[in-house]
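Notes follow once the structure below has been shown.
All of the numbers you see were taken from the coordinates with simple rules; none came from a lab. The shown structure was predicted, so the numbers you read here are calculated from the model rather than taken from an experiment. Please note: Cβ atoms are built from the backbone with ideal geometry, for glycine as well, and neighbour counts cover all protein chains shown.
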């Protein structure tokens, strides 16, 4: 059985960037989730999913849920990537929403990604602009962290990706046994 694989599902590149950094740190195999069959993952001790966060959902998490019965003996971890700064309450809600129907031992980690409207699809760009208009009507003193980040990033290109976000995941994978 092989040691581990990192599967990434990345719409704009940040989750892929983290997956490649994780591959460098752990010497695991690394592949785009679109090219993987669930049966292939049975050959690994550890499976790590790196996925972007879109509309409060973690890209690729549905794959883990759909194939849970085939991944009963693997240690599984999820590294999700979002444009907002880390916020404990928002992260707890994200884990609760996305953790439904997942094994209870699956750990979820967070890293901040990037923001570049020029790379967004037309639909994503329009949805973000609509959301920004709605938020702009609120008192800025009442903004949640994600709202503040969304408003500050408007019209800019930002890359907050940092290898340091991977450290808690790497530590977890190195210190826990199957």
Inset, instruction - Please give the FRET efficiency for residue 126 paired with residue 34, using the beta carbon to beta carbon distance and R0 = 25 Å, rounded to the nearest 0.05. - result: 0.50
Inset, instruction - Could you state the orientation-averaged shadow area of the convex hull built on the Cα atoms of the stretch 62-121, in nm² to one decimal? - result: 5.2 nm²
Inset, instruction - Any chance you could give the angle, 0 to 90 degrees and rounded to 10, that helix 88-99 forms with the longest Cα principal axis of the chain? - result: 50 degrees
Legend entry - Nearest 10 degrees, 0 to 90: helix 14-26 Cα axis against the chain principal axis: 40 degrees
Inset, instruction - Quick one: plug the Kirkwood hydrodynamic radius of the stretch 139-178 (C-alpha pairs) into Stokes-Einstein at 4 °C, 1.567 mPa s, and report D in µm²/s. - result: 98 µm²/s
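Viscosity 1.306 mPa s, temperature 10 °C: give me the Stokes-Einstein translational D for the stretch 116-157 in µm²/s, with Rh taken as the Kirkwood radius over C-alpha pairs. Intermediate results must be reported in sequence, preceding the final value.
Working: Rh = 10.7 Å.
It comes out at roughly 149 µm²/s.
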Inset, instruction - Quantify how much of the Cα-Cα distance distribution of the stretch 21-178 extends past 30 Å, in percent. - result: 21 percent
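With r as the distance between the Cβ atoms of residue 92 and residue 151 and R0 = 25 Å, compute the FRET efficiency 1/(1 + (r/R0)^6) and round to 0.05. Provide the component values of the computation, followed by the final result.
Details: r = 23 Å, r/R0 = 0.91.
So, using R0 = 25 Å, E works out to roughly 0.65.
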